[in-house]
Amino acid sequence: MDISTGPETGKDDKMGLEGGTTLQAARIAAAGLALLASGAAQALSIEDCTRVTHISHGGEADHIDLGEGRVIWRDWWSQEGSATDITVMDCAPGNALRFRAAEENMNARFPFDRVDDALKVIATHESGARVFATLERMADDLSSFTRDVRIETLSDETCACAAFYPETRGDKTEFVPG
């Protein structure tokens, strides 16, 4: 785990605490507390989630924390045809909104690319109160111009939820990188 992000700190770079605690020492302490709180020997980094899941032609990328236990990422496929699927996930209950936002030469359907439009719909929903930004409302708005829109409940923890919200695992099967 890299805790050295940000500018280098020197001996005069104090946080104003008695005893001369430096910013670097505070970062190390915070990282240690985060590891203890998660109960993990080594915390999963969101960078670990950007990966190839199907040898050389499929994977996950662009994982984003939407806040309040919700994440989003893109699944990609590129072999003879290409596709982009997007997942918006409520980590605690394991509810996932999934849809195809772009596709070309995957089957007999006409090619399309609605990634930007889909992300605008999600951003509009996410900019308001979470009580109104439900997966069902997003699905209704997306179903008019994306494909294969569905809401599923997953029994396995996803990589993005493990990285951003490990405390929401509950009784889901723990995500293990591999």
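Assorted remarks:
- When the residues ASP171, ASP140, ASP117, ASP75 are ordered by accessible surface, computed with a 1.4 Å probe over the protein chains alone, the sequence from largest down reads ASP171, ASP140, ASP117, ASP75.
- Those GluC sites (Glu not before Pro) in segment 84-178 that DSSP places in a loop and that have at most 15 other beta carbons within 10 Å: GLU174
- Heavy-atom accessible area ranking, 1.4 Å probe, most first, across PHE110, PHE99, PHE175: PHE110, PHE175, PHE99
- Additional length obtainable on full extension of the chain from ASP141 to HIS54, 0.36 nm per residue less Cα span: 28.3 nm
- Taking all protein chains into account, the per residue accessible area for segment 103-158 stands at 64 Å² (1.4 Å probe).
- With all protein chains modelled, accessible area of ARG109 [1.4 Å, Å²]: 90 Å²
The values are calculated or read from the model by the stated rules, or taken from the named source; none is laboratory data. If you're wondering where the values come from, they're calculated on a predicted model, not measured in any experiment. Please note: Cβ atoms are built from the backbone with ideal geometry, for glycine as well, and neighbour counts cover all protein chains shown. SASA here: full protein model, heavy atoms, side chains in, ligands and nucleic acids out. Shrake-Rupley method; radii C 1.70, N 1.55, O 1.52, S 1.80 Å.
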